[in-house]
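A short reminder: the numbers here are calculations on the coordinates, not readings from a lab. For clarity, every value in this text was computed on a predicted model and none was experimentally measured. Cβ placement follows ideal geometry from the backbone for every residue including glycine, while neighbour counts extend to all protein chains displayed.
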Amino acid sequence: MSRFIVLLSALLVVCRAGVCPCERSELCQQIREERDFEVFVFDVGGKTWKSYNWSMVTTVATFGKYDAELMCFAHSKGARVVLKGDVPLSSIVDRDNRTAWITDKVNLAKSQFMDGINIDIEQAVEEGSAEFYALTDLVNETTEAFHREIPGSQVSFDVAWSPKCIDKRCYDDVTIAESCDLLFVMSYDEQSQILGDCIAMANAPLHQTLNAYDQYLDLNIDPKKLVMGVPWYGYDYPCLNLSQDGICSIAKVPFRGAPCSDAAGRQKPYKWIMKQVDSSSSGRMWDDKQQAPYFNYKDQKGQIHQVWYDDPQSICPKADSVKSKGLRGIGMWNGNILDYGDDPVARQQTEMMWNALLGC
């Protein structure tokens, strides 16, 4: 009898998974339409997605708890909703483990009426290692399985801001790009490895960012496979010393072979930055070389901080280059961290950040 109850419970779970949670059943149909220009949004949970600019959004990668309401709403706007895919590379060197992981993700996507997967594996990999080949196989096999089981689905893979083994992530970017539908280039955290002076710098300096796309294109990767990721957050660095020239020396926090890193600072959302800059000691300043804004402030203990971030002025030229280089689109980490409240100033700041994704 107990075995019968367990079997019945399992069947009920499967049945419930197949019931469309939307008001209209057609909203549970997967999105197959390809847009000419991709606006790829990472969502980390909560309900701020209700305030996104849905006239722009084409794909939402759900990195928070699954939200059926979000899926239904996105589908009503013709936007895809995709899973997050992450797995320890050591575990998928074994082909059977890899196949099991892929099967699980396909079934999960189906049960939640989703439209694909975003593979976000940011682990260090040595070129030519077993993990190197397993990762390449994982992307290829995941794409094949999703395309077969969910026709029209989208498989994307997140890569570092440059293909030059950033953070020791030495991936086979060329083969991976050929295998999947999109590479989401994380054009942020560009100070994760500081090899020069240990000082606060821009999260995504313009020329460094754009040169890295040329590096990807020089590998003969199809520009229509590349989506530019921009940061909607910044870094707050406590200064060990602030020079007369305004250079902020930071603590030495090593990361993957580099003596210093942006881990000396703390990530701060755009909504916090906009409030903090108004009460800062310096006000908003602009660095012509890095083409990025920053400001200084003192905390309650008298410690001087320097905050580097991106705003419409720094994002616009990046968005312009997306079109001039013929890339597939643009996106951000992450959609939730703007201020979607009722304050009119905040509303204007939020609208400007969304609009900046389309260029100047």
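Using the Kirkwood radius over Cα pairs, work out the Stokes-Einstein diffusion coefficient for the stretch 175-243 at 10 °C and 1.306 mPa s, in µm²/s as a whole number. Reported coefficient: 113 µm²/s. Share of pairwise Cα-Cα distances greater than 18 Å in the stretch 204-261 is 60 percent (whole percent). Shown here for the stretch 141-212: trypsin sites (Lys or Arg not before Pro) in loop regions (DSSP other than H, G, I, E, B) with at most 15 other Cβ atoms within 10 Å, namely Lys164.
Taking the Cβ-Cβ separation of Arg95 and Leu195 as r and a Förster radius of 35 Å, what is the calculated FRET efficiency to the nearest 0.05? E(calc), rounded to 0.05, equals 0.40. Sparsely packed loop sites in the stretch 276-331 (the trypsin sites (Lys or Arg not before Pro) outside DSSP H, G, I, E and B with at most 13 other Cβ atoms within 10 Å) comprise Lys289, Lys301.
Model label points for Arg32 and Leu217, set 7 angstrom from Cα along the Cα-to-Cβ axis, are 3.3 nm apart.
For semi-axes √(5λ) of the Cα gyration tensor in Å, the listed values are (1) 37, 25, 20; (2) 43, 22, 20; (3) 29, 25, 22; which was obtained by calculation from the structure presented? The value matching this structure is (1). Taking 14 Å as the straight-line reach from the Cα of Lys271, the aspartates and glutamates in range (excluding those fewer than 8 positions away in the same chain) are Asp236, Asp310, Asp311, Asp339, Asp342, Asp343, Glu351. Among the GluC sites (Glu not before Pro) in the stretch 28-117, those located in a DSSP loop and surrounded by at most 13 other Cβ atoms within 10 Å of their own Cβ are Glu33, Glu34. For the listed residue pairs Lys268/Lys323; Lys47/Lys289; Lys268/Lys318; Lys168/Lys225; Lys65/Lys298, the alpha carbons are over 31 angstrom apart in Lys47/Lys289; Lys65/Lys298. The convex hull around the C-alpha trace of the stretch 22-99, projected and averaged over every direction, spans 6.7 square nanometres. In this structure, the amide hydrogen of Cys260, modeled 1.01 Å from its nitrogen in the peptide plane, lies closer than 5 angstrom to those of Ile194, Phe255, counting only residues at least 5 positions away or on a different chain.
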